[in-house]
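A short write-up of the structure that comes next.
Derivation of every value follows stated rules applied to the coordinates shown; laboratory data play no part. All of these numbers come straight from a predicted model, not from anything done at the bench. Please note: Cβ atoms are built from the backbone with ideal geometry, for glycine as well, and neighbour counts cover all protein chains shown.
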Amino acid sequence: MDKGQELLKTVGGNKTQTGLSVEEISAGLKDALRVGSENVITQLGRTDGFNMDPAIHIPLPKRLDTVKFALDKIGMSGMLQELELKLNRAAEVATPKAKKLFGQAITEMTFDDVKKIYDGPKDAATLYFRKKMSPALMEEMRPVVTDSLAEVGAVQSYDNVMREYRSLPFVPDVKANLTNYVVEEGIDGIFYYMAKEEAAIRQNPLKRTTDLIKKVFGAK
């Protein structure tokens, strides 16, 4: 017995307690998540998608606090502001890589996954995506971020910052892996907004953009 048959059996035929078929719920949920994920990618994968959003703006890595303190004292904080901007630019360039992986994760959802998400908490789909996508998303984004850091000048900015810092007397050695840092922060930003999209689709009728989504979530 496959997952679909198991679920049909548990709900007693081909209708759930909402009066919708399992197929309708599955299609409606996947449609909603596809729309929601595309909204997130569009919002974040553009200029200032990260940089001007206080909720997900990427700050300098904590391990550069010592560098920031030292350069602030000699009036060179502007170098660090420039570096911070370029970290956010790299995340914005890399974000569209998530679109294909969201689509793949949605396609691979089983009926069991659908039931758990549909009946689950307001971030159930986001938790599913994070578990399913994170390793592959890191691999997809890493080379893009690496290239983007170079293209937007972040690598050069970082080298300039560290050159100035190391020229100061008696400062401790500091190193930061900018690529891994931007990838991790970027992924956190993507899932932060995916959770908001998911909650809005469940709670706000205005976010239900197709008749099927309205039918499925309006029946809950």
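Any chance segment 91-106 includes a residue that's surrounded by 19 or more Cβ atoms within 10 Å (Cβ to Cβ), within 22 Å of Glu23 (Cα to Cα), β-branched (Val, Ile, Thr) and in contact with a Ser or Thr (Cβ under 8 Å, 6 or more places away or on another chain)?
Here is the first cut: in segment 91-106, the ones surrounded by 19 or more Cβ atoms within 10 Å (Cβ to Cβ) are 91-95, 97-98, 101-102, 105-106.
Still in the running and within 22 Å of Glu23 (Cα to Cα): 102, 105-106.
If we keep only those that are β-branched (Val, Ile, Thr) as well, we get 106.
Restricting the remaining residues to those that are in contact with a Ser or Thr (Cβ under 8 Å, 6 or more places away or on another chain) gives 106.
The answer is yes; a qualifying residue exists.
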field: Some residue of segment 68-78 being surrounded by fewer than 20 Cβ atoms within 10 Å (Cβ to Cβ) and within 28 Å of Met194 (Cα to Cα)
entry: no
message: Just to verify a result, which residue in segment 18-28, among those that are assigned to a loop (DSSP other than H, G, I, E, B) and in contact (Cβ under 8 Å) with a residue 24 or more places away in the chain, is nearest to Ala98 (Cα to Cα)?
response: Leu20
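Tell me, which residue of segment 128-160 that is aliphatic (A, V, I, L, M) and within 14 Å of Leu87 (Cα to Cα) is surrounded by the fewest Cβ atoms within 10 Å (Cβ to Cβ)? Talk me through it step by step, then tell me what you get.
Keep residues of segment 128-160 that are aliphatic (A, V, I, L, M), which gives 133, 136-138, 141, 144-145, 149-150, 152, 154-155.
Adding the requirement that they be within 14 Å of Leu87 (Cα to Cα) leaves 141, 144-145, 149-150, 152, 154-155.
Details: Met141: 27, Val144: 20, Val145: 26, Leu149: 25, Ala150: 12, Val152: 18, Ala154: 24, Val155: 18.
Selected residue: Ala150.
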field: Scope segment 29-52; condition outside any helix (DSSP H, G or I), more than 17 Å from Leu137 (Cβ to Cβ), in contact with a helix residue (DSSP H, G or I) (Cβ under 8 Å, 6 or more places away or on another chain) and not basic (Lys, Arg); matching residues
entry: Thr47, Asp48, Asn51
field: Residues (under 14 Å from Ala176 (Cβ atoms), part of a loop (DSSP other than H, G, I, E, B) and of a type outside the set (Val, Ile, Thr)) located in segment 53-75
entry: Pro59, Leu60, Pro61
